[in-house]
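First up is the structure itself, then whatever we jot down about it.
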């Protein structure tokens with residue numbers, strides 16, 4: 001890579017977005033962050049990563065956040081980030097880590113509102129990966145090992161959770177066409193050719 | 001082109017979607033339809049194209065459509081397409097023309113709900129072109145010759161009309177990420193490189 005480039009990948013559950021991002025990072029020889037963000041945020045904040053795991057890409061319950069700030073949960077001390085519910089803490093600490101990673105150099109970051117957190121970055125490219133329902137279901141069952149019974153419901157719930165997470169922290173609808181430089185249905189070309197196309201897109205920007 | 005391929009292009013006003021579609025058609029050496037659809041629909045239906053022009057990509061007023069069908073406007077005869085308001089007539093006749101064009105062979109069709117009308121086609125590729133607000137405004141003023149004063153409002157209104165048209169005849173929100181194989185911000189790469197990327201996409205499908 002001649003120039004620094006920050007690639008964010010938002011993705012429907014089962015669309016292969018993680019795999020596409022991983023291959024893209026490998027081909028561009030730049031770091032890749034998905035679940036890796038949890039480990040790094042935990043390292044940098046000194047918080048047990050297991051505590052984070054359950055809060056990953058899940059919005060806080062606004063009731064608890066508001067309660068913590070408004071009804072004197074803190075007693076007499078000034079509220080800090082440590083008083084917030086874990087989901088909000090993770091979002092804030094993770095945002096800090098995401099900004100730091102982007103400062104370090106080129107990278108691929110999957111999910112976690114990175115397209116919003118880094119939207120002011122000059123060299124950001126924002127992708128959204130979706131896919132046909134049947135393909136997503138197949139991938140969820142056969143690659144992710146989710147039991148067939150209930151897989152569709154699980155898929156729906158995961159995307160609904162991602163949408164709520166985005167809406168909660170960004171204040172905008174998840175998956176809006178205008179928020180991305182390129183959105184692609186990975187079913188149309190398949191994973192490999194989708195990676196090739198995204199590579200071409202990245203290289204044309206850097207040309 | 002080795003295989004038949006039907007390309008539909010939905011586009012925000014000012015995004016350069018028409019230009020992109022035109023270049024795509026030229027490079028693939030296949031017919032291109034935008035305003036040309038009006039002429040052809042007029043030819044095939046025997047209706048004056050000037051009557052169609054005002055109804056192009058505008059939804060009907062549901063009040064008149066419903067009135068025409070429900071409150072005896074037709075007197076005693078059985079209602080036909082000729083009794084419908086011009087906008088509905090144009091949509092129906094144009095849909096017929098669009099299906100006929102798709103049957104004839106490979107083509108590029110801009111707007112007019114073609115992605116919906118042809119969604120059952122096996123060889124359909126559905127693109128959506130959007131762009132940054134500033135670029136759209138520039139194009140609208142300097143290429144389309146819309147007076148600077150009021151250009152932004154005109155741009156907004158045109159897109160709102162396209163959205164209403166789509167919603168009215170398709171029953172779904174216009175510009176939903178999942179309805180397209182690929183959606184692209186033409187500001188990121190510029191018109192020429194966007195055309196190149198879409199060409200690569202089309203060729204990968206046909207590979």
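Each value in this text was obtained by applying a stated rule to the coordinates, not by laboratory testing. Since we're looking at a predicted model, the values are computed, not measured. Neighbour counts run over all protein chains shown; Cβ positions are idealised from the backbone, glycine included.
Using only the Cα atoms of region A:163-207, build the gyration tensor, take square roots of its eigenvalues as a ≥ b ≥ c, and label the shape rounded, prolate or oblate: rounded if a/c is under 1.5, else prolate if a/b is larger than b/c, else oblate.
oblate
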Return one number: the angle in degrees, 0 to 90 and rounded to the nearest 10, between the long axis of the Cα atoms of helix A:191-206 and the longest principal axis of the Cα atoms of chain A.
80 degrees
If you rank B:7, A:205 by fewest surrounding Cβ atoms within 10 Å, what's the result?
A:205, B:7
Put the label 7 Å from Cα along Cα→Cβ for residue A:46; what are its distances to the other copies, in nanometres, shortest first?
8.7
Mind checking the angle between helix B:133-142 and chain B's longest principal axis? C-alpha axes, 0 to 90 degrees, to the nearest 10.
80 degrees
Let me have the 222 nm mean residue ellipticity of the protein assembly as shown computed from DSSP H runs of 4+ only, each contributing -39500 (n - 2.57), with the sum over all residues rounded to the nearest 500.
-16000 deg cm²/dmol
Can you give me the pair-distance distribution of region B:121-207, C-alpha pairs, 5 Å bins, whole percents?
3, 12, 17, 20, 19, 16, 9, 3, 1, 0
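Under the definition of partner shielding as Cβ atoms of other protein chains within 10 Å of a residue Cβ, what is the mean value for peptide B:184-197? Provide the component values of the computation, followed by the final result.
Numbers: counts 7, 9, 1, 1, 8, 7, 2, 0, 1, 5, 3, 0, 2, 6.
Taking all residues of B:184-197 together, the mean is 4.
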Determine the principal axes of the Cα atoms in chain B, then give the extent along each, sorted from largest to smallest and rounded to whole angstroms.
58, 46, 31
Give me the percent relative contact order of chain B, please, defined on Cα pairs under 8 angstrom at least 6 residues apart.
35 percent
Label point 7 Å out from residue B:206 along Cα-to-Cβ: which residues of region B:27-61 have amide N under 12 Å?
B:27-31
So the label point sits 7 Å from Cα along the Cα-to-Cβ vector; using that for residue B:157, what distances do you get to the other copies, in nanometres, sorted shortest first?
4.9
Can you tell me the Rg and the Dmax, both Å, for the Cα atoms in the protein assembly as shown?
24.6, 82
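Considering only DSSP beta bridges whose two residues both sit in the protein assembly as shown, what percent are antiparallel, to the nearest 5?
Roughly 10 percent of the beta bridges in the protein assembly as shown run antiparallel, per DSSP.
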Taking the label point as lying 7 angstrom from Cα along the Cα-to-Cβ axis, what are the distances from residue B:176 to the corresponding position in the remaining copies, in ascending order and in nanometres?
1.7
